[in-house]
Each structure stands twice: as structure tokens, then as C-alpha cells.
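Have a look at the structure below before the remarks.
The values are calculated or read from the model by the stated rules, or taken from the named source; none is laboratory data. Note that this is a predicted model, so its numbers are computed, not measured. Glycine gets a Cβ as well: all are built from the backbone with ideal geometry, and neighbour counts include every protein chain shown. Keep in mind that these areas ignore ligands, DNA and RNA; they rest on the heavy atoms of the full protein, side chains included. Shrake-Rupley method; radii C 1.70, N 1.55, O 1.52, S 1.80 Å.
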Amino acid sequence: NSFCTLLVRNEMRRATRLAALQHGLRRAIVDCPQKKMTKRDPRFNQVTGADVAAWREIVGAQNVVEDPSGVEAFNYDWFKDYKGDGSVALTPTSTEQVAAIVRHCNERRLAVVPQGGNTGFVGGAVPVFDEAGIS
């Protein structure tokens, strides 16, 4: 069973790479390719120290990851093909906390990147700029 899973995963990875190459996109672990193709949307504000302090109030300091070595795991996709530039990751423990984080981000016009298991194949859960990662 695990052999079949490995086979399927490798085939999906190969197909994803092939599709990317066919569209002229080159994946590089050094930088997120979406960032090269996209400019930061000026409608969104950048994360500030006040935002981080507000998130600490919402989820507790232990659930606000700012240490670069801790945030690194949130800045890569499953296969380590995409690397983002997020500087903070939030790990709420309740739906109320998630709602409060999203409410704060909406009021401040901050972009967010929701992350589940970060197991996608196309880098959609990788923060391209300084979006707050919510996992």
C-alpha cells in the first residue's frame, strides 16, 4: 500500500513539473516563482509589530511563530519546490481564534495564507510576500 502511495505521489509530482515546464514556468527553491511573476498588491498593508502583538493577544504567544527557523516550515510546500517569504505563522487552536485573526486581518487589510497540511503540489499555501500564514 505504501509503495502504491509513493508511486502515485511521484507520478503526480512528475505531471505537475511537466505541466509547469510546458507553461514556461521554472520552479526554483531559491525563490517563489509566483513572486517573480506577481507584484505585491498595493491594496494590502504590510504586517507590523502591532499586528503581531494583536495576534499574541488572540492566540497566545506560544501560537505565534516568528523565529526564522520555526517559520521556515511554513514557507515551503510539501516537496520543497516553492519557498515563500512569510515572517510569521499563526497556529490557532479554535475556530474562534481563527475568526478573530481573520477579522483583524480584514480590518487592517492584511493578506493571509491558510495552510492545512501544506501537502499541495502547486505551492498555493506558500506565502509569496509577507502574508500571515494560518495553520
Identity of the residue in segment 88-134, modelled with pLDDT of 90 or more and in a loop (DSSP other than H, G, I, E, B), that ends up nearest to R40 (Cα to Cα)
R109
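Within segment 113-135, how many residues turn out to be of a type in the set (A, V, I, L, M, F, W, C), touching a Leu at 6+ places or on another chain (Cβ under 9 Å) and more than 15 Å from Q62 (Cα to Cα)? First the steps, then the outcome.
Step one: list which residues in segment 113-135 are of a type in the set (A, V, I, L, M, F, W, C), which gives 113, 121-122, 125-126, 128-129, 132, 134.
From what is left, the residues that are touching a Leu at 6+ places or on another chain (Cβ under 9 Å) are 132, 134.
Checking which are more than 15 Å from Q62 (Cα to Cα) leaves us with 132.
Number satisfying all stated conditions: 1.
If a residue has to be part of a loop (DSSP other than H, G, I, E, B) and open to solvent by 70 Å² or more (accessible area, probe 1.4 Å) to count, how many in segment 44-63 make the cut?
Adding up the residues that qualify gives 2.
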Taking the options E107, E66, E96, name whichever one is open to solvent by 70 Å² or more (accessible area, probe 1.4 Å) and in contact with a helix residue (DSSP H, G or I) (Cβ under 8 Å, 6 or more places away or on another chain).
E66
With respect to the numbered conditions (1) of a type outside the set (D, E, K, R); (2) in a helix (DSSP H, G or I); (3) open to solvent by 50 Å² or more (accessible area, probe 1.4 Å); (4) closer than 16 Å to P127 by Cβ, which one is the sole condition not fulfilled by W78?
(2)
